[in-house]
Amino acid sequence: MYASREDIGYDFGDDSKVGSKPIKPNPNIDGGWAWMIVLSSFLVHILIMGSQMALGILNMEWLEEFNQSRGLTAWVSSLSMGITLIVGPFIGLFISMCGCRKTAIIGGILNALGWILSAYASNVHYLFLTFGVTAGIGSGMVYLPAVVMVGQYFQKRRALAQGLSTTGTGFGAFLMTALLKYLCTEFGWRNAMFIQGAISLNLCVCGALMRPLSPKDVVSEKYVVRSNSEDNQAKALSHSAETIKSNGVLSEELEKKEEATNEEVLDSVQHTEIGGKSRSGRNMYGLRILKTVSQLTVTVRKGFAIWYSSYFGAASLFTNRVFVAFIIWALFAYSSFVIPFIHLPEIVKQYNLSSQNNIFPLTSIIAIVHIFGKVILGIISDLPCISTWNVFLMANFTLVTCILTLPLMQTYISLAVVCALIGFSSGYFSLMPVVTEDLVGTKHLANAYGIIICANGISALLGPPFAGWIYDITHKYDFSFYISGLLYMVGIIFLLIQPCIQNKQPREKSPEEAQV
């Protein structure tokens, strides 16, 4: 019914070249250092996404400390989660200019600074700035490179690699929930945040492991010989893919022209530097600074040109209709997963289930099963006879069903079963980079996935405060889950309708068919 990731194609270039140049594969592709990239991404998910999934512990501490409404206090967690994802498109610009490694290291420092400064908070509004904004931006600067690097290093086993790396979210939610609960009990929430800030400095180490591939290795992906199943283009997505491919050629020509101009600028600076050596040694230092500034300017201009063309140029990602439907889905999806993590501790307290929840927290059930869900769904999606798109949709249907039925469960056992299903079905997060790469290609993955996680960020930003606001009015969380579940269903319907519409569009005839 829907195209698998093998059917869609990976690049924006000319398909006639595919298979024409068999190139010796890089040993680091699908092996070697690629598994170090998976390890780095795994640790990033533990330290960033896992910590954010455990913020329900700190949320209860903030409610007692500052005596503010649940809706206002929930904005702290929502800002941190939301900004981490919302800044995705702008982090794509940093990646285009500086690369994944430098971006991740800077983000690790910024994230740790946000945690440490939050330990000195005097009110909730102070946490908005330090934890929500500062730590959130730092998290975004590490999270996007961690996902993009896995996509660059893997071709055959991308779904499995993404599944293994993103299981860090489940491990992190389980470990960080226990760690923050212990630290808050033993040292208080302020010291707990200070210690967590020190732990977050390990993100810089994760960034250092993100060794970039050489340009020839990235470019050579389009010349890799594909199997017969990869030669069949999906009818449902062919129209949008052809549009982006034709536009991508224009952007490559513009890049070549700009590179030629930039080389002329650098050559003139180098000739000036040689002349400066003969005149005076004192001028060499100034000329070297001028050369460095010129090179930096060239890098910034080139990175900005790539970033701008991806969003607003001739090769805009928004020309892909299925990708636009994917964005609309992302606007509604993430809040349905975030709301239970933030408000489950309060729900358990309302139902007088705290004693059972203390033995084995419901959030930990979600986190543990979430690990297996990502790995299993990744393995299933990599099977040659299985469509990644269909696996993705089935997981979404299961998750939205659980969100709508969760308010009906009022015993610990029933809540545990629903939470287990939520954890497993939310394993589709590991398929999101794969589906995105199938739609736009490896070259545009950073910018495209930045847009997707930005839409997810908006969902995460508004979801928990909305649930808290509904609770302040009704003193029940039921309506929060119902409304978020219905909005989530709207997003899934967009994913279902758009490929069907494109499949019904008349196919353009080939020159041979036109002659007949």
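Remarks
- On the beta carbon distance between Leu129 and Ile483, with R0 = 22 Å, the FRET formula returns roughly 0.15.
- Pair Ile359, Thr319: separation of 7 Å Cα→Cβ label points (nm): 6.1 nm
- Remark: spin-label model distance Lys156-Ser122 equals 6.1 nm, labels positioned 7 Å along the Cα→Cβ axis.
- Å² of accessible area per residue within region 27-213, as computed with a 1.4 Å probe and no ligands counted: 34 Å²
- Packing around the peptides 355-366, 143-154, taken as the average count of other Cβ atoms within 10 Å per residue, puts them in this order, highest first: 143-154, 355-366.
- The fraction of accessible area contributed by carbon and sulfur in region 27-213 is 69 percent, rounded to a whole number (1.4 Å probe; ligands and nucleic acids excluded).
- Spin-label pair Ile379-Val417: with each label point 7 Å from Cα along the Cα-Cβ axis, the two points sit 2.5 nm from one another.
- Pairwise FRET efficiency - Asn67 versus Thr185, Cβ, R0 = 25 Å, nearest 0.05: 0.75
- Applying 1/(1 + (r/R0)^6) with R0 = 56 Å to the Cβ-Cβ distance of Asp30 and His475 gives a FRET efficiency near 0.55.
The values are calculated or read from the model by the stated rules, or taken from the named source; none is laboratory data. For clarity, every value in this text was computed on a predicted model and none was experimentally measured. All Cβ positions, glycine included, derive from the backbone under ideal geometry; neighbour counts span all protein chains shown. With ligands, DNA and RNA removed, areas are computed over all heavy atoms of the protein, side chains included. Shrake-Rupley method; radii C 1.70, N 1.55, O 1.52, S 1.80 Å.
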